[in-house]
Structures are given as C-alpha cells and as structure tokens.
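**Q** My questions all concern the structure below.
Read the figures in this text as sums done on the coordinates, not as results from a lab. Just so you know, these numbers come straight off a predicted model, no measurement behind them. Counting neighbours? That spans all protein chains shown, and the Cβs are built from the backbone with ideal geometry, glycine included.
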C-alpha cells in the first residue's frame with residue numbers, strides 16, 4: 001500500500017500514524033502508511049476471499065512472535081477485504097469473547113462487522129437494504145427454507161414476516177433484525193405473528209443456544225450477500241489466549257480452530273472466510289510443553305460418551321492444524337527494512353516539518369521484529385529533533401508469552 005492517504009493530510013492522519021506506530025498499535029493510519037510486507041500471506045488471503053465468495057468457506061491460521069506484526073497484518077487484510085467488497089469483522093479473543101463459545105463469537109463478529117459505504121451495524125444495514133421484491137430476497141428465502149441450509153425454521157419464518165411487516169409494523173420488524181443479530185425471540189410471539197399474517201405454521205422445534213449461534217452466523221453471511229456484499233470475513237486476533245483456558249475449554253477451542261480453518265460451518269453455500277492469528281511458540285509451549293496432544297484426547301475419551309469422543313477427534317484436528325498448517329509471518333528482509341525506513345523517514349519529516357537525519361536504530365538481526373525497528377527509528381528521530389547532538393542507544397526486552405491456566409478465564 002502507498003502512503004498517499006497519509007501524506008495528503010500530515011497534520012491529522014500522519015500524526016495519528018506516527019503516534020500509533022510509536023505505541024505499537026496497528027491503527028488504520030499506521031497500516032496505510034507502512035503496508036504489510038507479507039506478500040505470500042496476502043496471496044493466500046486472496047484465494048480465501050475467492051473461495052468464500054463462491055460459497056466455499058475457508059480459513060487460514062497465522063503465526064508470529066510477540067511484536068512480529070500479527071495485529072498489523074490483520075488490519076491490513078481487513079482493509080483488503082473491505083476494498084474487495086466484503087463485510088469484515090475483527091474479533092479479539094478475551095475473557096468476554098472466548099473462542100469456544102459460538103454465541104459470544106457471533107455477537108462480537110456482528111458488533112464489529114464493517115461494510116464499505118454502510119456506516120451502521122452491518123446486519124441491520126443489510127436488513128434495511130433488503131429488497132423484499134427482488135431476486136436477492138427470493139434466493140435468501142429459498143436457501144433458508146431448504147434442508148441444505150441446516151437452519152431452524154425460525155429463520156425462514158422470520159424472513160417471511162420481515163417482508164410482510166417491515167412497512168406495517170416497524171417495531172416487530174426491528175425485533176426480527178435483533179433476533180438475526182443475536183437477541184432472543186419468544187416462540188409464542190412468533191407463532192402469533194405467523195397466525196395473524198396467515199402464513200403456514202412451522203413446528204419451530206427448540207434449538208440449543210450454541211447451535212443457534214452457529215446458525216445465525218450462516219444466516220447473517222447469506223443476508224449480507226443478498227444485499228451486495230461479496231461475503232463475510234472474520235479475523236481473529238490473540239488466539240493464543242486459549243492456552244490459559246482449562247483443559248476442556250482448550251479442547252473446545254481446538255475444535256473451533258479446526259471448524260474455522262476447514263470452513264466447517266454446516267449448511268451449504270455459506271460465504272464465510274476466517275483468518276486466525278496466534279503466537280508461533282504455542283505448539284512448543286502448550287501442545288508439546290503441556291502435552292496437550294496426548295492429554296486432551298485421553299481425558300475426553302475417559303468420559304466414555306459419544307459426544308466427548310467426537311470432541312476429542314475435532315480437538316485433535318485443531319491441534320494438527322496448529323502444528324502443521326500455521327502460516328508463519330516472514331521476518332523483514334533487507335529490502336523490506338529499507339522500504340519501511342524510507343517511508344517512515346518521509347512520514348516523520350512531513351508530520352513534524354523537518355528533515356530527519358539518518359539514524360542507526362537497531363542492529364539488523366534475524367530475530368529482531370519490525371515493530372522493534374520502527375519504534376527505535378521513531379524514538380531516535382523524536383530525540384534528535386529535540387536535541388540534534390544527542391545519540392540515543394536502544395535496548396530490547398523480550399516479552400514472554402504466558403500460557404498458565406487462569407481460573408479468571410473460566411466461562412460456562
């Protein structure tokens with residue numbers, strides 16, 4: 001990416017980019033200024049987008065050390081996805097958004113979804129843009145009502161009611177959109193509305209909350225494409241937090257990694273893509289160091305239930321993906337470092353209205369990360385701008401990942 005957007009307004013976007021880069025925060029301005037330098041991953045991401053747009057869900061697992069640029073890269077990929085016509089969500093794994101909980105993951109993805117030229121909540125904006133007399137609505141309803149969608153009858157039923165009542169009963173139409181976005185809807189009220197409109201009375205069997213979360217994901221992705229989006233891309237950051245979960249929660253999280261990377265979302269023709277980013281030492285620290293490869297399936301099989309056996313198989317697949325399919329970020333080579341240095345030097349000069357001198361920064365070693373180079377250059381220029389005769393020396397302290405189990409992360 002070029003720096004043209006930043007250079008056009010150095011007093012605002014450029015200063016934001018410098019401050020973000022100084023702090024190590026992957027803001028939109030910082031990413032626009034520096035690009036990614038990960039061409040191989042960008043190529044895989046392009047193939048993932050193509051597959052998702054064709055209704056073939058796919059995923060990609062990225063790995064890199066602390067400060068290697070994973071969050072920066074995800075922000076860059078998010079912009080590429082939006083520019084390609086996709087709806088894009090950023091989900092940071094946390095105590096509030098555990099990877100193993102599809103209800104909370106869907107809620108986070110829905111809340112952060114962004115579509116170009118639609119400033120509001122993506123699912124609500126898509127519902128507002130849905131032409132109930134058009135082809136997109138007809139195809140969405142046909143898919144939702146088909147066995148291939150694997151959706152509960154609530155989805156085609158609410159879709160029909162939405163078309164009938166959007167103009168006559170805006171409040172209930174809004175309640176339907178909130179249901180699609182994650183809120184509950186009382187079954188008696190839904191039955192009553194169907195009866196009032198003369199629609200067929202489906203059986204509306206109960207559905208577990210976790211399964212409903214997965215179904216909402218599929219339905220929302222199809223709704224977004226019915227109103228012009230190319231598909232839904234969900235980018236997960238800080239996935240390594242699963243290492244601090246309990247054993248059972250780790251097992252469920254490994255299964256979710258397999259689900260997202262393999263695109264196993266149930267139903268057919270779902271336009272979903274995912275990128276998950278985690279630290280590259282997870283395999284050594286947890287899969288090998290804590291012996292999860294052996295302990296997790298053994299504990300699950302000891303339960304003696306079909307459900308636990310199925311989870312063991314899914315968790316093993318997720319662990320194999322971490323072990324064998326993680327796409328590692330490439331460290332910056334000499335050419336990339338020179339390009340980054342030149343961009344940052346020009347940007348610092350434009351923002352602060354001076355001619356930055358050449359600075360030494362850090363010794364160029366294979367283990368040094370781009371974030372460390374960038375912060376060293378900026379710090380030196382900041383200090384040299386205040387005192388031209390000062391010659392700072394920069395030291396690096398590595399941050400060690402903490403994979404100890406934490407009871408604070410326990411969730412239902």
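**Q** Compute the long axis of helix 209-226 from its Cα atoms, compare it with the longest principal axis of the Cα atoms of the chain, and write down the angle in degrees, 0 to 90, nearest 10.
**A** The angle comes out near 80 degrees.
**Q** What translational diffusion coefficient, in µm²/s and rounded to a whole number, does the Stokes-Einstein relation yield for segment 259-352 at 25 °C and a viscosity of 0.890 mPa s, taking the hydrodynamic radius as the Kirkwood radius over Cα pairs?
**A** For the chosen part, D equals 143 µm²/s.
**Q** When the Kirkwood hydrodynamic radius is evaluated over all pairs of different C-alpha atoms of segment 66-174, what value in angstrom, to one decimal, is obtained?
**A** This gives a value of 16.3 Å.
**Q** For the chain, what does the relative contact order come out to in percent, with C-alpha contacts under 8 Å and a separation of six or more?
**A** Value for the chain: 25 percent.
**Q** As an exercise, take the mean of 1/r over every pair of distinct alpha carbons in segment 125-214, invert it, and state the Kirkwood radius in angstroms.
**A** Evaluated on segment 125-214, it is 13.5 Å.
**Q** Calculate the translational D of segment 173-251 in whole µm² s⁻¹ from Stokes-Einstein, where the hydrodynamic radius comes from the Kirkwood formula applied to all Cα pairs, the temperature is 10 °C and the viscosity 1.306 mPa s.
**A** Once the numbers are plugged in, D ends up at 101 µm²/s.
**Q** Alpha carbons only, please: Rg and Dmax for segment 126-281, in angstrom.
**A** When restricted to Cα atoms, segment 126-281 yields Rg and Dmax of 17.5, 59 Å.
**Q** Per q in 0.10, 0.12 1/Å, what log10 I(q)/I(0) does a Debye calculation on the alpha-carbon atoms of the chain return?
**A** For the chain, the Cα-only Debye profile gives -0.76, -1.01.
**Q** Here's something else I'd like to know. In degrees between 0 and 90, to the nearest 10, how far off the longest principal axis of the chain does helix 247-262 point, with axes built from Cα atoms?
**A** With rounding to tens, the tilt is 90 degrees.
**Q** May I pose another question? Pick out which of 356, 188, 26 has the largest mean-square fluctuation in a Gaussian network model of the chain, springs linking Cα atoms closer than 10 Å.
**A** Fluctuation is largest for 188.
**Q** Still on this structure, I have one more. Under the rule a/c < 1.5 gives rounded, and otherwise a/b versus b/c splits prolate from oblate, where does segment 46-95 land using the Cα gyration tensor?
**A** It comes out prolate by the Cα gyration axes.
**Q** Order by neighbour count: 265, 348, fewest other Cβ atoms within 10 Å first, most last.
**A** 265, 348
**Q** Can you sort 180, 354 from fewest to most other Cβ atoms within 10 Å of each residue's own Cβ?
**A** Final ranking by Cβ density, sparse to dense: 354, 180.
**Q** May I ask you to sort 94, 89 by Cβ crowding, counting other Cβ atoms within 10 Å and putting the fewest first?
**A** The most exposed by this proxy come first: 94, 89.
**Q** By how many degrees, between 0 and 90 and to the nearest 10, does the Cα long axis of helix 370-386 differ from the longest principal axis of the chain?
**A** Result, in degrees: 50.
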